[in-house]
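Asker: Dropping a structure here in structure tokens format, bear with me for questions.
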Amino acid sequence: MSVAIIRDERPGEEGSLEIPVAFQRVYRQYWKPAVEELGLQCFLVPTGFGKDKLEQALRELGLMREWTKKNVTGSDQEYILMRIEGLEKGLPEAFDREDTILYVG
């Protein structure tokens, strides 16, 4: 299992959008403690957020990056930082409409 940001399938489109966050082990071991310690709101599982929370989500990713650099080492650190970069690129692109809701789960 893994945790991802998901945008529901839309009429006329094939499939739904999915941006990976982390494998379940990495989420439980690192993201969950960071979410709790830092008070992050957009990356709780399960949750959802709209375009009005995009700037907050990007700020939270910056906090997660700094937390990861201080608290994670080796390949897990590289993996998390790679996923953060993907989220920073993918989240703005996912909000192609004002009514878009992204789900974390």
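We did not get these values from a lab; they are worked out from the coordinates using the rules stated. Everything numeric here is computed off the predicted structure, so don't read it as measured data. As a convention, Cβ positions derive from the backbone with ideal geometry for all residues, glycine included, and neighbour counts pool all protein chains shown.
Asker: For segment 41-57, which positions are under 18 Å from I6 (Cβ atoms) and either of a type outside the set (V, I, T) or without any contact (Cβ under 8 Å) to a residue 24 or more places away in the chain (or both)?
Answerer: Across segment 41-57, the qualifying residues are Q41, C42, F43, L44, P46, G48, F49, G50, K51, K53, L54, A57.
Asker: While we're on this one: For segment 59-71, which residues satisfy the criterion of being out of contact with any helix residue (DSSP H, G or I) (no Cβ under 6 Å at 6 or more places or on another chain) and not polar (S, T, N, Q)?
Answerer: R59, E60, G62, E66, K69, K70
Asker: Right, another one. When E9 is evaluated against the numbered criteria (1) of a type in the set (D, E); (2) closer than 16 Å to I101 by Cα; (3) touching a residue at least 12 places away in the same chain (Cβ under 8 Å), which criterion, by number, is the only one it fails?
Answerer: Of (1) of a type in the set (D, E); (2) closer than 16 Å to I101 by Cα; (3) touching a residue at least 12 places away in the same chain (Cβ under 8 Å), only one is false for E9: (3).
Asker: I've got another one for you. Say we look at segment 3-17 and pick out the residues that are of a type outside the set (A, V, I, L, M) and surrounded by 13 or more Cβ atoms within 10 Å (Cβ to Cβ); which of these is nearest to L44 (Cα to Cα)?
Answerer: Residue satisfying both the conditions and the ranking: R7.
Asker: Specify which of the listed residues (A34, A22) is small (G, A, S), surrounded by 15 or more Cβ atoms within 10 Å (Cβ to Cβ) and within 12 Å of the chain's Cα centre (by Cα).
Answerer: A22
Asker: For the condition more than 11 Å from the chain's Cα centre (by Cα), of a type in the set (G, A, S) and surrounded by fewer than 16 Cβ atoms within 10 Å (Cβ to Cβ), what is the one hit in G39, G105?
Answerer: G39
Asker: Conditions: (1) surrounded by fewer than 14 Cβ atoms within 10 Å (Cβ to Cβ); (2) over 30 Å from E13 (Cβ atoms). M82 meets all but one. Number of the miss?
Answerer: (2)
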